[in-house]
1. Within the range 129-154, which residues are out of contact with any helix residue (DSSP H, G or I) (no Cβ under 8 Å at 6 or more places or on another chain) and in a strand (DSSP E or B)?
2. Determine which single condition residue 174 fails, assuming it passes every other condition in (1) open to solvent by 30 Å² or more (accessible area, probe 1.4 Å); (2) of a type outside the set (Val, Ile, Thr); (3) within 11 Å of the ligand (Cβ to nearest atom); (4) assigned to a strand (DSSP E or B).
3. Give the residue, chosen from 30, 76, 43, that is at pLDDT 95 or above and either β-branched (Val, Ile, Thr) or within 16 Å of the ligand (Cβ to nearest atom) (or both).
4. Regarding residue 37, is this residue surrounded by fewer than 16 Cβ atoms within 10 Å (Cβ to Cβ), more than 9 Å from the ligand (Cβ to nearest atom) and not assigned by TED's automatic domain parsing to the domain that holds residue 181?
5. Looking only at the range 87-115, count how many residues are within 21 Å of residue 197 (Cβ to Cβ) and touching a helix residue (DSSP H, G or I) at 6+ places or on another chain (Cβ under 7 Å).
6. So, residue 11, is that one part of a loop (DSSP other than H, G, I, E, B), open to solvent by 50 Å² or more (accessible area, probe 1.4 Å) and of a type outside the set (Phe, Trp, Tyr) or not?
7. Residues of the range 49-83 being of a type in the set (D, E, K, R), surrounded by 14 or more Cβ atoms within 10 Å (Cβ to Cβ) and over 16 Å from residue 23 (Cβ atoms), which ones?
Amino acid sequence: MSGRISILISGRGSNMLALLAAIDDGRLAAVPALVIANVPQAAGLRLAAARGVETLVIDHRNSSSRLEHDRKVLDALQGRQVDLICLAGYMRVLGPTLIRAFPCRILNIHPSLLPSFPGLHAQRQAIEFGAKVSGCTVHFVDEGVDTGPVILQRAVEVRGSDTEEILGARILEEEHRIYPEAAHLVLEKRVRVEGRRACILPAGEVA
Ligand code: GAR
């Protein structure tokens, strides 16, 4: 099974590159249909274009409401018959119109073990809280902020000497591993959502 994926970014796009690399080497059975950035200067745009992936800037500042912006994004996604949407450092909350158009087909990566440290600066939050372990989470996007069913998580030790940047870099390595894995499981229909829980089915079974 494979599907057409779109990746939404706001910045450097390292998770986007991890997804594209996994597509190239066969770990993620997908076709990269479109990369959308809401920020025209997002460095990831050039990286995606250099790999031959179609890119589109939909600058949220050109819309007068979240709904208007979301509708533009929705049009672009539907126009490319996208099966799966991966938010990869996309620093915008999606509104219900967009979320309801793709039930259980929008994923997000977050740099903490949710439900701990949702929102911005998750790595800093973990250090300031004094957590000994943090990590990263791939989850389905629902109408809350970082609240949807968890697909995969990976723990990362928080060390006494960690700065936000050092911890962030260690977490990022794990993000790059679990995001392609989670996207692959979803496209293979091996993730069944039951209420809050996303259950991973054994290889060969489909939801
Ligand atoms: C990643 O650490 C990602 O988990 C985080 O932004 C970074 C984007 O890096 N996302 C969030 O904090 C979302 N709440 P990237 O552009 O190199 O993938």
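1. First pass over the range 129-154, keeping only residues out of contact with any helix residue (DSSP H, G or I) (no Cβ under 8 Å at 6 or more places or on another chain): 129-133, 137, 139-140, 144-150.
Those that are out of contact with any helix residue (DSSP H, G or I) (no Cβ under 8 Å at 6 or more places or on another chain) and in a strand (DSSP E or B): 133, 137, 139, 140, 150.
2. Unmet condition: (4).
3. On the way: 30 fails: either β-branched (Val, Ile, Thr) or within 16 Å of the ligand (Cβ to nearest atom) (or both); 76 fails: either β-branched (Val, Ile, Thr) or within 16 Å of the ligand (Cβ to nearest atom) (or both).
Exactly one residue qualifies, and that residue is 43.
4. For residue 37, the condition - surrounded by fewer than 16 Cβ atoms within 10 Å (Cβ to Cβ), more than 9 Å from the ligand (Cβ to nearest atom) and not assigned by TED's automatic domain parsing to the domain that holds residue 181 - is not met.
5. 5
6. For residue 11, the condition - part of a loop (DSSP other than H, G, I, E, B), open to solvent by 50 Å² or more (accessible area, probe 1.4 Å) and of a type outside the set (Phe, Trp, Tyr) - is not met.
7. The answer is 66, 70, 71, 72.
For (1) touching a residue at least 12 places away in the same chain (Cβ under 8 Å); (2) open to solvent by less than 30 Å² (accessible area, probe 1.4 Å), each residue gets a yes or a no:
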| residue | (1), (2) |
| --- | --- |
| 151 | yes, yes |
| 159 | no, no |
| 180 | yes, yes |
| 197 | yes, no |
| 205 | yes, no |
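The values are calculated or read from the model by the stated rules, or taken from the named source; none is laboratory data. Keep in mind it's a predicted model, so treat the numbers as computed, not measured. Note that each Cβ is placed from the backbone with ideal geometry, even for glycine, and that neighbours are counted across all protein chains shown. When the accessible area is computed, the model is the full protein with side chains, heavy atoms only, and any ligands, DNA or RNA have been set aside. Shrake-Rupley method; radii C 1.70, N 1.55, O 1.52, S 1.80 Å.
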